[in-house]
Amino acid sequence: MSSDELIRGYAEALFTVVKTEGDLERVEDELYRFGKLLQSNNDLKQALSDLSVDLSQRVKVLEDILANKVSPHTLGLITFVVAQERGRQLSQILEELSELAAEARKSVVAEVRSATPLDNRQRNALEKALGEATGKKVEVKVLVDPSIIGGVVAKIGDTVIDGSVKRRLQQLREQVNA
């Protein structure tokens with residue numbers, strides 16, 4: 001079985017469990033956010049995938065990080081994947097799960113980085129604008145990233161729309177230096 005098939009298989013299994021047993025929207029969002037944390041933190045990824053570290057210690061790391069921040073259902077799903085020695089693929093599995101959930105709702109996921117949290121009105125306006133731009137129903141997942149200064153950066157699949165202040169400043173710098 002290829003790595004992609006393995007990742008898809010785990011994502012499908014987790015999706016089935018979440019859909020049947022849990023609060024799909026909440027658990028999906030928590031899993032998505034944890035996946036993004038994992039992608040940006042190599043030390044955490046290493047701690048969860050190092051098989052020389054006892055499973056109970058890897059689970060303790062998860063509990064220390066996620067206790068009171070995610071539902072017990074979410075923690076259980078993440079712990080299951082780590083216990084199956086798939087910590088190295090965990091972020092990919094969680095990203096695939098998010099895509100599967102969006103597909104089931106006949107939509108696509110837009111990962112949006114914003115300097116500040118977006119309120120419901122802003123999120124809805126962004127979903128509408130991105131939907132019009134792509135011709136698809138769009139679900140916005142917001143990640144707060146103060147480094148972009150202002151505006152937003154949206155990623156849908158392989159397409160990136162950069163409307164950040166940081167990017168505009170870079171463009172101005174390039175024009176001045178040209």
How about the range 145-178: which of its residues are assigned to a loop (DSSP other than H, G, I, E, B) and modelled with pLDDT under 90? Gly157, Asp158, Ala178
Exactly one condition in (1) closer than 19 Å to Lys19 by Cβ; (2) among the hydrophobic types (A, V, I, L, M, F, W, C); (3) in contact with a helix residue (DSSP H, G or I) (Cβ under 8 Å, 6 or more places away or on another chain) is not met by Ala102; state its number. (3)
Subset of the range 117-144 (residues that are farther than 18 Å from Lys106 by Cα and not in a helix (DSSP H, G or I)): Pro117, Leu118, Asp119, Val142, Leu143, Val144
Just to be sure I understand the filter: pairs with C-beta atoms under 7 Å, separated by 6 or more residues or on different chains, first member in the range 161-173 and in the same structural domain as Leu126 (by TED's automatic domain parsing) and in contact (Cβ under 8 Å) with a residue 12 or more places away in the chain, second member outside any strand (DSSP E or B) and loosely packed, with under 12 Cβ neighbours inside 10 Å. Which pairs pass? Lys166/Ser147
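Quick check on the range 147-178: of everything there that is over 17 Å from the mean Cα position of the chain (by Cα), under 19 Å from Ser40 (Cβ atoms) and not hydroxyl-bearing (Ser, Thr, Tyr), which residue is surrounded by the most Cβ atoms within 10 Å (Cβ to Cβ)? Full working, then the answer.
Going residue by residue through the range 147-178, those that are over 17 Å from the mean Cα position of the chain (by Cα) are 147-151, 161-178.
Imposing the further condition that a residue be under 19 Å from Ser40 (Cβ atoms) reduces the set to 147-149, 162, 164, 166.
Narrowing further to those that are not hydroxyl-bearing (Ser, Thr, Tyr): 148-149, 162, 166.
On the way: Ile148: 19, Ile149: 13, Asp162: 16, Lys166: 16.
Applying the filter and picking the extreme gives Ile148.
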Leading residue by the ranking (farthest from Arg88 (Cα to Cα)) among those in the range 54-70 that are at pLDDT 90 or above and among the aliphatic types (A, V, I, L, M): Val70
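The values are calculated or read from the model by the stated rules, or taken from the named source; none is laboratory data. All values reported here derive from a predicted model rather than from experimental measurement. Heads up, the Cβs are rebuilt from the backbone with ideal geometry, glycines too, and the neighbour counts pull from every protein chain shown.
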